[in-house]
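The values are calculated or read from the model by the stated rules, or taken from the named source; none is laboratory data. Worth saying up front: this structure is predicted, and the values here are computed from it rather than measured. All Cβ positions, even for glycine, are placed from backbone atoms using ideal geometry, and neighbour counts span all protein chains on display. For the accessible areas, the whole protein counts, side chains as well, though only heavy atoms, and no ligand, DNA or RNA atoms are used. Shrake-Rupley method; radii C 1.70, N 1.55, O 1.52, S 1.80 Å.
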Amino acid sequence: MRGKDGTFTEPGHPPVTDHSHQSRGDLFDPACPTRQLLDRLGGKWTSMAVKVLGDEHPGEVRFAELKRRMPGISQKMLAQTLRSLERDSLVDRRVEPTSPPKVHYRLTELGQSLTEPIAALRDWAERHMARIDAAGLAWDAVRQESEPRADA
């Protein structure tokens, strides 16, 4: 089947959207590259994994070391996060055939290019989170005062 933009799609596959003619994607469109990126990389564990691996680039980090350096992550969540990053060609995985196997991860060139935007977001958060937290507390206090109490 031929799509509006001239691309062919297979039955059961989403159409390929050509964004080359647009200056910016439409965040409301599920095919928007920015939306797709945020869907894939927006979680805290993904950003943390990229940060840890970026700190060691071009070196590798073993799975157990990644888990140690990412407090609070479960083994299952770390495995899922790394598998997703590997699927998207952001991380390379190397297994040493030992008993038990030693598994190493490193950022690809594409993954390394993600460290700068993540660092910029981190810098923004460090500059502004105190204001955001204070605004949230003030908003909560006003809401709490203005809502009728159930015991009154």
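For this structure, a couple of remarks:
- Whichever residue in the stretch 85-101 is surrounded by 14 or more Cβ atoms within 10 Å (Cβ to Cβ) and not hydrophobic (A, V, I, L, M, F, W, C) and, among such residues, is farthest from the chain's Cα centre (by Cα): ARG93
- If only residues of the stretch 90-117 that are touching a strand residue (DSSP E or B) at 6+ places or on another chain (Cβ under 9 Å) and β-branched (Val, Ile, Thr) are counted, the one that is farthest from LEU41 (Cα to Cα) is VAL95.
- Cross-chain or 6+ apart pairs with Cβ under 6 Å, the stretch 100-123 first and modelled with pLDDT under 95, then among the β-branched types (Val, Ile, Thr) and in a helix (DSSP H, G or I): LEU114/VAL50; ILE118/VAL50
- Residue in the stretch 106-117 that is farthest from GLU56 (Cα to Cα), counting only those that are open to solvent by 40 Å² or more (accessible area, probe 1.4 Å) and in a helix (DSSP H, G or I): PRO117
- For the stretch 22-66, taking the residues that are open to solvent by 40 Å² or more (accessible area, probe 1.4 Å), touching a residue at least 24 places away in the same chain (Cβ under 8 Å) and not in a helix (DSSP H, G or I), the one that is farthest from ARG106 (Cα to Cα) is identified as ARG62.
- Residue in the stretch 126-147 that is touching a helix residue (DSSP H, G or I) at 6+ places or on another chain (Cβ under 7 Å) and either assigned to a helix (DSSP H, G or I) or at pLDDT 95 or above (or both) present: no
- Some residue of the stretch 132-149 being under 21 Å from SER47 (Cα atoms) and either touching a residue at least 40 places away in the same chain (Cβ under 8 Å) or under 20 Å from the mean Cα position of the chain (by Cα) (or both): no
- LEU82 vs. criteria open to solvent by less than 70 Å² (accessible area, probe 1.4 Å), more than 30 Å from ASP26 (Cα to Cα), at pLDDT 95 or above and part of a helix (DSSP H, G or I): no
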